[in-house]
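Read the figures in this text as sums done on the coordinates, not as results from a lab. Since this is a predicted model, take the numbers as computed values, not measurements. Reconstructed Cβ throughout: ideal geometry from the backbone, glycine too, with neighbour counts over all protein chains shown.
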């Protein structure tokens, strides 16, 4: 699976949008971009995933560049409960949940 | 969404004893489950892939005789830490694949004293 690069940390004001970047310049054509987050002392939680097109669900939006070498996770209205480590992972879609976690981005949402 | 449940959430054991951690998929069948370990301030590290009805596949550097994995049914995988030592103290997390997603348990905090 391709490696990803994320900023170590970022702060966000409550109620504002949080834009989390991820670089995956070596991504292959059959690899998806997945985002998970881990709130302190809990198991990771799935957020969203995509292949080429932008995706949106009730939690977030995923913007993937046309060359697929980078993506941005957008939390439209950050709340204090969004404080977590966010992991960007690229993997082949049928790899049955085997995930290679990087260091992720520690997001702190402040009042 | 699908639910994966781990038990116990936390456990304290004496050095030299064994500890069993259960991972259950509550509303779907999982032929494959995964076990991760996470030390403080570090990311999750995949330990092994648990396959229903067959032997687990361990990642490089993980001792298969120390971390026994059993996946006897489509909804249950167990991880037994044998002869635990303080350096085994960690956060253990399981996951199961359902469709395109991986669903994670809430994790088990193991402290060996």
*To the nearest whole number, what is the average tally of beta carbon atoms from other chains within 10 Å of the beta carbons of peptide A:101-108?*
2
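Residue by residue through A:32-45, how many Cβ atoms from other chains fall within 10 Å of the Cβ on average? Spell out each step's value before the answer.
Numbers: counts 1, 0, 3, 0, 5, 0, 6, 0, 0, 7, 6, 15, 10, 3.
Mean shielding count: 4.
If you take the alpha carbon radius of gyration of segment B:3-82 and divide it by 2.2 N^0.38 Å, what ratio comes out, to two decimals?
Values: Rg = 12.6 Å, N = 80, 2.2 N^0.38 = 11.6 Å.
Cα Rg divided by the expected 2.2 N^0.38 Å: 1.08.
Would you order B:10, A:35 from fewest to most other beta-carbon atoms within 10 Å of each residue's own beta-carbon?
Working: B:10 11, A:35 24.
Arranged by neighbour count, lowest to highest, B:10, A:35 become B:10, A:35.
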*asked:* Please report the spacing between the Cα centers of segment A:18-65 and segment B:21-35 in Å, no decimals.
replied: 23
*asked:* Between residue B:73 and residue A:42, what is the label-point separation in nm under the 7 Å Cα-to-beta-carbon projection?
replied: 2.8
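Ranked by Cβ crowding within 10 angstrom, fewest neighbours first, how are A:49, A:77 ordered?
On the way: A:49 19, A:77 10.
Lowest to highest Cβ neighbour count: A:77, A:49.
Mind checking the mean number of beta-carbon atoms from other chains within 10 Å of the Cβ atoms in B:30-41?
Working: counts 2, 1, 4, 2, 4, 0, 4, 0, 5, 0, 0, 2.
Mean shielding count: 2.
Order of B:80, A:65 from fewest to most other C-beta atoms within 10 Å? Spell out each step's value before the answer.
Numbers: B:80 15, A:65 12.
By the 10 Å Cβ count, ascending: A:65, B:80.
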*So what's the Cα pair-distance distribution over chain A, bin width 5 Å, in %?*
2, 13, 24, 26, 20, 10, 4, 1, 0
*Run the quick spin-label model on residue B:28 and residue B:43: label points 7 Å from Cα toward the beta carbon, then report their separation in nm to one decimal.*
2.4
*Label-point separation in nm, residue A:13 to residue A:81, each point 7 Å along Cα→Cβ*: 2.3
